[in-house]
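Visitor: Take this structure first; my questions come after.
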Amino acid sequence: MIPYISPKSKIPLKNDGVALISELGETFPLLNGIARFVPRNNYADAFGLQWKTHAKVQLDSFNGTKISHERLERCLGFRVEELRGKTVLEVGCGAGRFTEILVTSGALVHSVDLSEAVEANKANIGEKENYTVAQADVYNLPFPIESFDLVICLGVIQHTPNPELTFQALWAMVKSGGLMVVDHYTYDWMYILKPLFIFRFFLRRMKPQRSKKIVDNLVKFFFPSQWKYKNNPFMRMLLNRFSPCYTYFNTFPQLNKEQHYELTRLDTYDGLTDYYKHLITLGRMKNVLESLHPLKYELWKGGNGIEARAWKK
């Protein structure tokens with residue numbers, strides 16, 4: 001496993017059981033056994049509440065599907081078992097939907113998240129020799145540059161302050177010959193047809209606990225009708241014009257009603273309270289990847305919008 005360094009001075013840290021300390025006297029606390037390189041509270045607080053509340057909804061091991069496994073392998077372009085013994089940096093780990101698969105593969109997994117989702121992540125994964133998790137900022141990661149065979153960041157970049165700087169920060173962590181796997185929201189009719197911007201304008205400005213209650217009530221009100229008419233194209237279109245809820249009835253038919261309800265609670269809160277929500281075109285994404293001067297790259301529309309992978313020279 002790759003030891004932590006100070007994201008400030010870039011020098012090694014020693015663990016005294018209570019904190020990680022540098023020779024310069026820099027101190028980073030260990031809370032609940034997790035290294036904290038950022039304040040516990042920040043603009044990602046809503047994500048922290050989200051993942052601690054819905055800690056298991058997206059875990060394949062919990063919902064009995066292979067939704068996360070299939071998405072991960074689609075983005076990687078190869079079987080996850082091929083990561084055995086490889087150093088992996090997972091940025092924006094959330095509650096661990098991909099973490100558990102990476103850890104099971106035998107990869108040396110270093111997961112980070114800006115929010116307190118790291119607590120849900122560790123609770124889900126447990127103590128593993130090939131796994132560590134920390135609360136850290138993508139722009140100031142606690143690892144030496146060019147340390148990882150794989151840097152993976154799914155469902156995250158669009159929520160960071162500056163996506164282009166985020167791409168650069170991720171790329172800096174990839175070692176020569178290594179791989180970066182990412183995705184990013186793109187433009188979609190959903191943002192025009194659904195009243196998302198109106199709800200989000202108010203909800204993202206509230207404290208997470210208050211906005212969570214409001215979103216849960218919205219889902220409680222709209223979901224029954226959306227489920228009832230999920231197979232009626234006209235009614236589905238009509239309801240979508242008024243409901244702010246994110247539903248995936250056609251995308252994930254293997255889920256039952258209760259699972260869809262919980263996923264709608266999770267993703268509606270995610271989509272209506274994220275502090276940043278950047279969108280990118282396929283052409284712009286191509287330009288960003290080319291600016292990194294990779295050995296080669298691939299990108300395509302899929303998943304959350306645009307998925308891509310790039311190999312470092």
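Visitor: Among the residues in the range 126-133, are any at pLDDT 95 or above, surrounded by 22 or more Cβ atoms within 10 Å (Cβ to Cβ) and within 15 Å of the chain's Cα centre (by Cα)? I'd like the intermediate steps shown before the answer.
Guide: To start, the set of residues in the range 126-133 that are at pLDDT 95 or above comprises 126-133.
Imposing the further condition that a residue be surrounded by 22 or more Cβ atoms within 10 Å (Cβ to Cβ) reduces the set to 131, 133.
Retained after the next criterion (residues that are within 15 Å of the chain's Cα centre (by Cα)): 133.
So far as the range 126-133 goes, yes, one or more of its residues are at pLDDT 95 or above, surrounded by 22 or more Cβ atoms within 10 Å (Cβ to Cβ) and within 15 Å of the chain's Cα centre (by Cα).
Visitor: Quick check, is A95 over 16 Å from H69 (Cβ atoms) and either touching a Ser or Thr at 6+ places or on another chain (Cβ under 6 Å) or not in a strand (DSSP E or B) (or both)? Walk me through it before giving the result.
Guide: On the way: over 16 Å from H69 (Cβ atoms): no; either touching a Ser or Thr at 6+ places or on another chain (Cβ under 6 Å) or not in a strand (DSSP E or B) (or both): yes.
The answer is no for A95.
One line per residue, one yes/no per condition, for (1) free of Cβ contacts under 8 Å to residues at least 60 places away in the same chain; (2) of a type in the set (A, V, I, L, M, F, W, C):
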{"position": "P224", "(1), (2)": "yes, no"}
{"position": "P233", "(1), (2)": "yes, no"}
{"position": "F249", "(1), (2)": "yes, yes"}
{"position": "L255", "(1), (2)": "no, yes"}
{"position": "D267", "(1), (2)": "yes, no"}
{"position": "G271", "(1), (2)": "no, no"}
{"position": "K313", "(1), (2)": "no, no"}
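Visitor: Out of all the residues in the range 179-194, which are modelled with pLDDT under 90 and surrounded by 12 or more Cβ atoms within 10 Å (Cβ to Cβ)?
Guide: Initial filter on the range 179-194 (modelled with pLDDT under 90): 187-194.
Selection gives Y187, D188, Y191, K194.
Visitor: Given S225, S243, which one is more than 20 Å from R71 (Cβ to Cβ), outside any loop (DSSP other than H, G, I, E, B) and not acidic (D, E)?
Guide: Numbers: S243 fails: outside any loop (DSSP other than H, G, I, E, B).
Answer to the selection: S225.
Visitor: Check the range 25-37 and report whether any residue there is among the aromatic types (F, W, Y), surrounded by 19 or more Cβ atoms within 10 Å (Cβ to Cβ), at pLDDT 95 or above and closer than 29 Å to K175 by Cβ.
Guide: Filtering the range 25-37 down to residues among the aromatic types (F, W, Y) leaves 28, 37.
From what's left, surrounded by 19 or more Cβ atoms within 10 Å (Cβ to Cβ): 28, 37.
Next, only the ones that are at pLDDT 95 or above stay: 28, 37.
Checking the rest, the ones that are also closer than 29 Å to K175 by Cβ come to 28, 37.
Looking through the range 25-37, at least one residue is among the aromatic types (F, W, Y), surrounded by 19 or more Cβ atoms within 10 Å (Cβ to Cβ), at pLDDT 95 or above and closer than 29 Å to K175 by Cβ.
Visitor: Could you pull out the residue among E70, E82, E90, E100 that is farther than 25 Å from A172 by Cα and out of contact with any Pro (no Cβ under 9 Å at 6 or more places or on another chain)?
Guide: Numbers: E82 fails: farther than 25 Å from A172 by Cα; E90 fails: farther than 25 Å from A172 by Cα; E100 fails: farther than 25 Å from A172 by Cα.
Only one candidate passes the filter, namely E70.
Visitor: Output the number of residues of the range 140-164 satisfying the condition of being in a loop (DSSP other than H, G, I, E, B) and among the β-branched types (V, I, T). Give the steps one after another, and end with the answer.
Guide: Let us first name the residues in the range 140-164 that are in a loop (DSSP other than H, G, I, E, B), namely 141-147, 154-156, 160-162.
Then keep just the ones that are among the β-branched types (V, I, T); that gives 145, 156, 160.
Summing the residues that are in a loop (DSSP other than H, G, I, E, B) and among the β-branched types (V, I, T) in the range 140-164 gives 3.
Visitor: Could you identify the single residue in V38, V118, V112 that is β-branched (V, I, T), in a loop (DSSP other than H, G, I, E, B) and under 19 Å from the mean Cα position of the chain (by Cα)? Spell out the reasoning first.
Guide: Values: V118 fails: in a loop (DSSP other than H, G, I, E, B); V112 fails: in a loop (DSSP other than H, G, I, E, B).
Only one candidate qualifies: V38.
Visitor: Tell me which of these T65 doesn't satisfy, since it passes every other one: (1) in a loop (DSSP other than H, G, I, E, B); (2) under 23 Å from M180 (Cβ atoms).
Guide: Condition (2) is where T65 drops out.
Visitor: Which residue out of F234, F242 is within 19 Å of F197 (Cβ to Cβ), out of contact with any Ser or Thr (no Cβ under 6 Å at 6 or more places or on another chain) and at pLDDT below 95?
Guide: On the way: F234 fails: within 19 Å of F197 (Cβ to Cβ).
Unique residue meeting the criteria: F242.
Visitor: Can you find, within the range 271-313, the residue that is surrounded by the most Cβ atoms within 10 Å (Cβ to Cβ) among those that are basic (K, R) and more than 30 Å from M206 (Cα to Cα)? Working first, answer last.
Guide: Taking the range 271-313 first, the residues basic (K, R) are 277, 284, 286, 296, 301, 309, 312-313.
Subsequent filtering for residues that are more than 30 Å from M206 (Cα to Cα) retains 284, 286, 296, 301, 309, 312-313.
Values: R284: 15, K286: 15, K296: 10, K301: 10, R309: 22, K312: 20, K313: 8.
Among those residues, the one meeting the criterion is R309.
The values are calculated or read from the model by the stated rules, or taken from the named source; none is laboratory data. Here the structure is a predicted model, which means the values were calculated and not measured. Virtual Cβ from ideal backbone geometry, glycine too; neighbours counted across all protein chains shown.
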